[in-house]
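Right, one structure below, let's go through it.
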Amino acid sequence: GLEEFTPKPIQDTGNILKQGYLEKRSREHSFFGSEWQKRWCVLSKRTFYYYANEKSKQPKGTFPIEHYSARLAFHLRKDARKRCCFELICPGKRTYE
């Protein structure tokens, strides 16, 4: 089944490996297809967090990265940013693009 995680702020900033803005594709599809949303992302040793912006106190989403892997995914976009696209994948769980 799906695991639900309650988004929480990062308590221990010493565990942050990387942070910065990424564009995340939304799950909801509009008339024009999926939309790319700019999100402040934080990767810790165990968890991936994403926020509306770097000043946000509460994440919009979070998931444990233990069984996730990353792979390049140039097919996701047609514009100049396609060379930077990647997916975070885990069997049986949501794929993040």
Amide H contacts of residue 65 (H built 1.01 Å from N, under 5 Å, at least 5 apart or other chain): 47, 48
For the range 17-25, Karplus couplings with θ = phi - 60° (6.51, -1.76, 1.60), whole Hz, Gly/Pro x: 8, 8, 7, x, 7, 9, 9, 10, 7
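Tally Lys and Arg at +1 and Asp and Glu at -1 over the other residues with C-beta under 9 Å from the C-beta of residue 38: what net charge comes out?
Here the count lands on +1.
Throughout, read-outs are computed from the coordinates displayed, never taken from laboratory work. Keep in mind that this is a model prediction, so the values were computed, not measured. Counting neighbours? That spans all protein chains shown, and the Cβs are built from the backbone with ideal geometry, glycine included.
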